[in-house]
Amino acid sequence: MERKIIVGYDGSPGARDALVLGGLLGELTGRPLLLAAFFDDDPVRYARADGDGELHAYPDAHLALDQAPVGAQIERRVIHGRSPASALSMLAEEQDAAAIVVGSAHHPGQGFAVSGGIARQLFGNSPCSVAAAPRGYRERAPERLARLLAAYVETDEGLQALR
């Protein structure tokens, strides 16, 4: 089985940033993408606030995946779990994924990746490398990646993530 790059996708601006970064990483490494949307039957438990502070449930996962701006050949999967991060981790382990790509937190940053709850949880618990796309990345992404910055700890796991 070819190791895939999993992109956490819910249709939000951060998810679209992650999709662009995931696509560039896929082109760089020759790995296929797998779009994964988290869905939970309890919309209040996994709600998010818009700019006015009003809570909205995550959009229907199937609809988000169907409307993703990618070709039909890209694999799509709806995932369930205790949280989006745990569901992404379980999928990555099941797929022996090369990496998970997520968007940055919804709050404003200075153009850097602001690791929100999902990214922060994945950084500590993912079975593979994790990338967080900077906020607004889709608007300023290069045509191709020229270099990658990777932080690692000199352990067996850290060296595997660096590879």
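The values are calculated or read from the model by the stated rules, or taken from the named source; none is laboratory data. Here the structure is a predicted model, which is why all the values come from computation and not from measurement. Every residue, glycine as well, gets a Cβ built from its backbone with ideal geometry; the counts of neighbours run over all protein chains shown.
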| query | Mind checking which residues of the stretch 136-157 are surrounded by 13 or more Cβ atoms within 10 Å (Cβ to Cβ) and over 16 Å from GLY23 (Cα atoms)? | reply | TYR152
| message | If I filter the stretch 147-162 for residues that are of a type in the set (A, V, I, L, M) and modelled with pLDDT of 90 or more, do I get at least one hit? | response | no
| Pairs under 7 Å by beta carbon, first residue at negative phi and among the charged types (D, E, K, R) in the stretch 59-86, partner modelled with pLDDT under 90 and crowded, with 17+ Cβ neighbours inside 10 Å, six or more apart or different chains? | ARG76/LEU65
| What number of residues within the stretch 35-69 are aromatic (Phe, Trp, Tyr), closer than 21 Å to LEU21 by Cβ and modelled with pLDDT of 75 or more? | 1
| request: Evaluate the following for ASP96: is it in contact with a Lys or Arg (Cβ under 7 Å, 6 or more places away or on another chain), loosely packed, with under 13 Cβ neighbours inside 10 Å and at pLDDT 75 or above? | output: yes
| note | The lone condition ALA72 fails out of (1) within 24 Å of PRO32 (Cβ to Cβ); (2) modelled with pLDDT under 75 is (2)
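So, SER104, is that one under 13 Å from the mean Cα position of the chain (by Cα), modelled with pLDDT under 90 and surrounded by 13 or more Cβ atoms within 10 Å (Cβ to Cβ) or not?
On the way: under 13 Å from the mean Cα position of the chain (by Cα): yes; modelled with pLDDT under 90: yes; surrounded by 13 or more Cβ atoms within 10 Å (Cβ to Cβ): yes.
The answer is yes for SER104.
Do you know which residues across the stretch 81-92 are surrounded by fewer than 17 Cβ atoms within 10 Å (Cβ to Cβ) and within 15 Å of the chain's Cα centre (by Cα)?
Kept after step one, since they are surrounded by fewer than 17 Cβ atoms within 10 Å (Cβ to Cβ), are these residues of the stretch 81-92: 81-83, 90.
The answer is SER83, MET90.
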| Would you pick out the residues in the stretch 130-163 that are outside any loop (DSSP other than H, G, I, E, B), in contact (Cβ under 8 Å) with a residue 12 or more places away in the chain and under 24 Å from PRO84 (Cβ atoms)? | VAL130, ALA131, ALA132, ALA133, TYR137, ARG138, ALA161
